[in-house]
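The next block holds one structure in the form of structure tokens; read it before the comments.
The values are calculated or read from the model by the stated rules, or taken from the named source; none is laboratory data. Since the model is a prediction, treat every value here as computed from it, not as a measurement. Here the Cβ positions follow ideal geometry from the backbone for every residue, glycine too, while neighbour counts run over all protein chains shown. Side chains included, ligands, DNA and RNA excluded: accessible areas come from the protein's heavy atoms. Shrake-Rupley method; radii C 1.70, N 1.55, O 1.52, S 1.80 Å.
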Amino acid sequence: MDWFFQLLVSVFIAFLIAFRAHKKKSLSNSGAIAGFFVMALHFFVGYRFGAVLLAFFFSSSTLTKIGEDRKRTLDPEFKEGGQRNWIQVLANSGIASVLIVAIWVLTEGQDKCLNSKDSPLITALIGAVIGHYSCCNGDTWSSELGILSEDKPRLITTFKHVKKGTNGGVTKTGILAAAAAGSVIGLSFVLLGFSTTRCESSTVLKQLLVLPIATLAGLFGSLIDSLLGATLQFSGICSVRRKVVGKPGPTVKRISGANVLDNNAVNFVSILLTSFFTAIACWYIF
């Protein structure tokens, strides 16, 4: 009956968080529904995964609300409270949800430590989940704090100064924030892991390597996101609104990028790549 108790706990926690997030306008109606199912799934498969998801959600939602008035004038896709719909929820958690279902099936519901000698596939899959949320958190922290930085952003492909809000623009503050965001994901995974997972004595301390791996994954994911944004996502300056916009038009002068991917697609691709490379790193290191 342990699984039934964990299911009840998972549903209860997911409901409370989704309800609170909707009330505070962090999630739209559809976002709250999608978020409920995603959170319940994460907590049911393992508390470590639930903790990682919450670390991402709460930290990114908090930073999104900082400096809203200023962001409203700079960000072409600004929404009050950073409100996310179901598409954005799945773009930021869909891959991880598939991964943790695979982990649950392979481990038969048991928490496993990162140990390639015991199970290289499970280790790689867990690493992919860590990379997934490190990327998500790194991109969000970088964007939300970078746009408020006093530094003038530089386009990642040319290093020329661009206007704030330009896709692919990076700042020192944003880069440091991305690394810090990744470390938060790694820390949440390790702390919950030590309390919920039993590791062999030879692998216990090695789990701490998740911290630098997650930190680098946050940085890597943010840089990949910026590179994709600078090349495959359109940015232009509107002569009427006098702000950076994300779609071409008769009054818009192009700054950078082709109109190939939107923001959700850029996030999805960067998450996919970061998850893959973090999985390979964990498979090799552990």
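Taking R0 as 35 Å, what's the FRET efficiency between residue 152 and residue 33 from their Cβ-Cβ distance, rounded to 0.05?
FRET efficiency, residue 152 to residue 33: 0.30.
At what distance in angstrom do the alpha carbon centres of segment 160-210 and segment 225-254 lie from each other?
About 30 Å separates the Cα centre of segment 160-210 from the one of segment 225-254.
Given 0.36 nm per residue, what is the gain on full extension from residue 87 to residue 264 after removing their alpha carbon distance, in nm?
62.9 nm
Would you mind giving the three semi-axes, in whole Å and largest first, of the ellipsoid equivalent to the chain according to its Cα gyration tensor?
Largest first, the chain gives 34, 21, 15 Å.
Check which residues have an amide H placed less than 5 Å from residue 167's amide H, if you skip close sequence neighbours.
none
Hey, what angle do you get for helix 263-285 against the long axis of the chain, alpha-carbon based, 0 to 90 degrees rounded to 10?
40
Restricting the count to DSSP beta bridges whose residues both fall in the chain, what percent are antiparallel, rounded to a multiple of 5?
So the antiparallel bridges in the chain amount to around 90 percent.
Quick one: ranking 241, 198, 20 by accessible area, 1.4 Å probe, largest first, what do you get?
Reading off the accessible areas and sorting them downward yields 198, 241, 20.
Nearest 20 debye, what's the magnitude of the dipole of segment 3-285 about its Cα centre given +1 on Lys and Arg Cβ and -1 on Asp and Glu Cβ?
1060
Which one of 234, 220, 159 has the biggest mean-square fluctuation once the chain is modelled by GNM with Cα springs under 10 Å?
Among 234, 220, 159, the largest mean-square fluctuation in the Gaussian network model of the chain belongs to 159.
For the residue pair residue 203 and residue 2, what label-to-label distance in nm results when each label sits 7 Å from Cα along the Cα-to-beta-carbon direction?
1.7
Any chance you could give the angle, 0 to 90 degrees and rounded to 10, that helix 47-65 forms with the longest Cα principal axis of the chain?
Roughly 20 degrees, rounded to the nearest 10.
Assuming a viscosity of 0.890 mPa s and a temperature of 25 °C, what translational diffusion coefficient in µm² per second does Stokes-Einstein assign to segment 110-193, Rh being the Kirkwood radius over Cα pairs?
171
Find the cysteines in the chain that fail to meet the 4.7 Å Cβ criterion with every other cysteine, and list them.
135, 136, 238, 282
Which residues in segment 181-196 place their backbone N less than 16 Å from a point set 7 Å from the Cα of residue 16 along the Cα-to-Cβ direction?
It comes to no residues whatsoever.
Got a number for the accessible area of residue 210? Probe 1.4 Å, square angstrom, nearest 10.
Ignoring ligands and nucleic acids, residue 210 comes out at about 0 Å².
Using the Karplus curve 6.51 cos²θ - 1.76 cosθ + 1.60 with θ = phi - 60°, work out ³J(HN,Hα) for each residue of segment 127-135 in order, rounded to whole Hz, and write x for Gly and Pro.
Listing the rounded values in order: x, 5, 5, 4, x, 4, 6, 5, 5 Hz.
Can you tell which of 116, 250, 182 lies farthest toward the positive end of the dipole of the chain, using +1 and -1 charges on the Cβ of basic and acidic side chains (Lys, Arg; Asp, Glu)?
Highest projection toward the positive end goes to 250.
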